[in-house]
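The values are calculated or read from the model by the stated rules, or taken from the named source; none is laboratory data. Keep in mind the model is a prediction, meaning the values are calculated, not measured. Note: ideal-geometry Cβ built from the backbone for every residue, glycine included; neighbour counts use all protein chains shown.
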Amino acid sequence: RIGEGAILYRGANINPKVAELLMTIAQEENIPYQLSGEAKATPTDANVIQISRAGVATGLVSVPLRYLHTPVEVLSLQDLESVVKLLSTFVQRLNGKMSFIPGE
């Protein structure tokens, strides 16, 4: 829903550790977010990235939109700011000791 924060995805081609870290950051930083479950591969580049080479830990975050790919696409600037803050904080927290291999 527009105006309720970034959309974080869980599902078949989303790494559970990446998704969990994104949710943890959102909660700790009071960044509004929504969850969306995808039972199969998403129609995004996330699927291609996830299966490239030996596999890439992939998360999926989106800005809630209406009328995607049209001249009248609509979004909330607050939602956009939520996504920017969430992703920038995520990148800042990454370090060489983190493992995104599920089960480790």
Can you pull out every residue in region 1-27 that is closer than 14 Å to residue 82 by Cβ and either modelled with pLDDT under 95 or not β-branched (Val, Ile, Thr) (or both)? 1, 3, 4, 5, 6, 8, 22, 23, 26, 27
Among the residues of region 5-21, write down those that are farther than 20 Å from residue 48 by Cα and of a type outside the set (Asp, Glu). 5, 6, 21
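Looking only at residues that are among the polar types (S, T, N, Q) and closer than 12 Å to residue 61 by Cα in region 28-47, which one is modelled with the highest pLDDT?
Residues of region 28-47 that are among the polar types (S, T, N, Q), as a first pass: 30, 34, 36, 42, 44, 47.
Now restrict to residues that are closer than 12 Å to residue 61 by Cα: 34, 36, 42, 44.
On the way: 34: 97, 36: 93, 42: 74, 44: 75.
Going through the qualifying residues, I end up with 34.
Scan the helices (runs of 4 or more DSSP H) fully inside region 1-97 and keep the ones with 1 or more residues being surrounded by fewer than 14 Cβ atoms within 10 Å (Cβ to Cβ) and among the hydroxyl-bearing types (Ser, Thr, Tyr). If you could, list the steps in order and put the result at the bottom.
On the way: elements: 16-28, 45-50, 77-93.
Because the criterion is at least 1 residues that are surrounded by fewer than 14 Cβ atoms within 10 Å (Cβ to Cβ) and among the hydroxyl-bearing types (Ser, Thr, Tyr), the helices (runs of 4 or more DSSP H) in region 1-97 that meet it are 16-28, 77-93.
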Could you please let me know if residue 38 is among the acidic types (Asp, Glu) and under 13 Å from residue 11 (Cβ atoms)? yes
